[in-house]
1. Before I look further, what does the range 186-288 give for accessible area per residue, probe 1.4 Å, in whole square angstrom?
2. What ratio of Cα Rg to 2.2 N^0.38 Å holds for the range 510-561?
3. Is the shape of the range 324-413 rounded, prolate or oblate, going by the alpha carbon gyration tensor and its root eigenvalues a ≥ b ≥ c, with a/c under 1.5 for rounded and a/b larger than b/c for prolate?
4. At 0.36 nm per residue, minus the direct Cα-Cα distance, what do residue 539 and residue 188 gain on full extension? Give it in nm, one decimal, please.
5. Can you work out the PRE-style zone for residue 507? Point 7 Å along Cα to Cβ, and I want the residues of the range 523-542 with backbone N under 16 Å.
6. Plugging the Kirkwood radius over Cα pairs into Stokes-Einstein for the range 476-516, at a temperature of 20 °C and a viscosity of 1.002 mPa s, what D comes out in µm²/s?
7. Let me know the whole percent of all Cα-Cα pairs from the range 175-232 that are separated by more than 19 Å.
8. According to the square roots a ≥ b ≥ c of the eigenvalues of the Cα gyration tensor, what is the shape class of the range 380-432, taking rounded for a/c under 1.5, prolate for a/b larger than b/c otherwise, and oblate for the remainder?
Amino acid sequence: MAKVLFFVLAVLVASSLGDIASSELLLEDSECSKGQEDECALHALQRRALARQLPGLEGLPDDDSDLPDEADEDEDSKEDSDDDDDDVQDSQAETTSIPWSKYTGPTMPPLPENPPTPQPTSVKSVNPVVTRGNLLYDSVTGKRFFAKGVAYNPRNEKYDHSFGPSVTPSYLESHPKWKDTCVPGNPIGGTWSYTEDVQADVHEETWSRDLEAIANLGANTVRLYNVDPKNSHSKFMKRAEELGIYIIVPLNGKDFGFLPAFPSPDCYTKELPGYGNVGVHALEFSKAIVKEFSQYPNTLLFTVANELAQNDKNGFAAFPCVKALTRDIHQYQKSCNSTMRRVPLIYSDVDMGPPDRSDIAKYLTCALESEDDAVDAYGLNVYSWCDEVYPGDGKPDNFKYSPYYEIKKGFDHLSVPLIFTEFGCNLGAFATKCPYKGGRTWPDFKHMVGDDMGEMLSGAVAFQFSMDREEYGLTLSANFLANQTELYLLDNYFNLQKVYNKYHAKSDWDAGDDISSCSFKPDDVHRLEKSHAQPECPSKSVWTKLQKRHGLPRIGDWSIIPATPNVTTGQAECPAKSVSAAVKKENCCHMKC
């Protein structure tokens with residue numbers, strides 16, 4: 001799956017390294033594609049640790065400046081493609097037997113022209129979005145807010161022919177004429193690293209064009225993955241606001257300020273050689289981002305962590321550290337309640353199936369020590385809807401036979417807003433290969449906003465805006481392919497545009513003027529099928545069995561949250577400018593004032 005990964009392998013714990021071969025460690029990192037273990041992109045801190053502590057890797061660079069460009073996680077089994085790719089020129093197809101490094105044939109013919117794109121509508125301003133019960137609301141109009149989102153982390157990448165051989169025998173059987181005849185382009189400035197702060201003011205030429213395309217898509221939300229708090233993002237945030245776009249902002253870095261996948265309390269207390277205290281850096285990094293982005297009314301959510309256990313099973317023992325960071329950010333927000341808006345916090349997890357996905361959600365949304373350690377919203381990264389329809393019981397399309405039905409059963413009582421923080425399977429019926437004709441048609445979205453899931457879901461974020469090696473992109477960045485010098489919108493962009501503009505969340509639960517009441521709940525205006533009370537925290541038996549199922553060598557104690565680290569930011573803790581009376585009143589809904 002295409003996901004941003006905030007993790008550190010257990011290789012950083014010296015005691016666990018003695019009997020693990022470097023090749024095994026690389027294979028366990030899901031950013032490594034099979035057969036490319038020596039070339040795969042590791043977390044920068046992992047690479048430094050490997051260089052220091054594993055034989056044979058001493059030549060790896062010791063700082064970020066000399067690291068090769070990082071690439072995101074690659075899925076082991078990706079089926080791809082599309083029937084419409086058959087019309088490529090046969091003369092070019094014949095050249096595929098020649099190594100591409102020696103290819104001297106014709107350049108790729110231009111892609112079909114995109115239809116004219118209108119200038120997107122601008123708005124004067126947007127209102128902050130708030131949580132009430134298990135739904136999101138516009139804090140001024142009281143209308144229900146449903147996030148129609150796009151994941152955004154472009155890397156100015158170019159096509160690579162390693163994408164093509166990843167197709168499976170079943171794909172080639174169904175698309176016998178497909179051959180990789182795409183020609184890589186030459187992006188101006190070269191490819192950016194995975195951790196590039198692409199929404200910084202210095203990248204205005206890129207993101208200004210992209211934001212307009214996102215607005216024309218019918219989206220109202222963008223999820224970010226890498227933010228450097230040392231940079232200014234005011235131009236990006238203001239332009240997004242003008243286009244009516246809200247932003248989900250990460251609180252972790254990948255190379256710095258991360259929550260490592262260490263068993264608690266180490267994930268919030270451990271001192272790492274050459275790095276320092278993980279808890280101190282995680283909190284100071286998060287606070288700097290919170291301080292900057294809380295000033296913008298279109299900051300929708302802060303992602304307190306993402307898929308902590310995806311790449312290292314020890315992450316299942318680290319969830320107390322997610323609660324610790326959640327608690328400490330909530331307390332930071334309390335300390336600045338007169339000068340900083342309280343933006344809700346969300347945790348985003350991989351859809352790992354039942355019962356783990358709902359047990360972890362219950363743990364992170366329950367109040368263990370206090371309400372401060374409970375997240376305000378919950379996210380799932382979901383890629384399981386891989387067919388146009390799921391027939392059953394005589395119906396051509398029956399939601400009960402879809403993979404989302406089990407998700408609904410596991411989360412229909414969730415007490416906080418649920419968002420699919422990533423979605424969009426690119427396998428099976430939705431596979432597509434370069435030049436990426438056809439692809440995803442997004443048939444699941446109508447179920448998200450309709451009767452099947454409309455009561456329990458508050459948004460969905462399509463993965464992802466720009467094409468890269470994982471081939472989930474809605475667009476090709478300029479010069480991704482030869483003879484393609486401008487941003488190019490793909491078929492699955494226009495398919496998503498259709499469903500985003502056609503299907504909308506019901507207004508049954510609109511709050512109107514009642515939104516000003518802190519005690520308002522959605523079922524005050526329209527009955528909810530399920531209750532959405534805050535859950536009890538999972539018992540020791542539940543979290544012990546969960547960790548044992550995943551083979552953890554050391555069981556983390558979920559009943560104890562690590563203490564707050566001592567952080568000195570070197571700057572004023574709180575913003576200087578006071579918030580409006582309305583924002584202060586909303587803040588006081590979540591804290592004593």
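1. On the way: 3190 Å² over 103 residues.
With all protein chains present, the range 186-288 gives 31 Å² per residue.
2. Working: Rg = 18.8 Å, N = 52, 2.2 N^0.38 = 9.9 Å.
For the range 510-561, the normalised Cα radius of gyration comes out at 1.90.
3. Working: a/c = 3.66, a/b = 2.70, b/c = 1.35.
Note, shape of the range 324-413 comes out prolate.
4. Numbers: separation 351, 0.36 × 351 = 126.36 nm, distance 5.44 nm.
That pair, residue 539 and residue 188, stretches by 120.9 nm at full extension.
5. Output list for this probe position: 525-526.
6. Working: Rh = 13.6 Å.
It comes out at roughly 158 µm²/s.
7. That fraction is 50 percent.
8. Numbers: a/c = 3.69, a/b = 1.24, b/c = 2.97.
Because a/c hits 1.5 or more and a/b fails to exceed b/c, the range 380-432 counts as oblate.
The values are calculated or read from the model by the stated rules, or taken from the named source; none is laboratory data. Since this is a predicted model, take the numbers as computed values, not measurements. Counting neighbours? That spans all protein chains shown, and the Cβs are built from the backbone with ideal geometry, glycine included. For the accessible areas, the whole protein counts, side chains as well, though only heavy atoms, and no ligand, DNA or RNA atoms are used. Shrake-Rupley method; radii C 1.70, N 1.55, O 1.52, S 1.80 Å.
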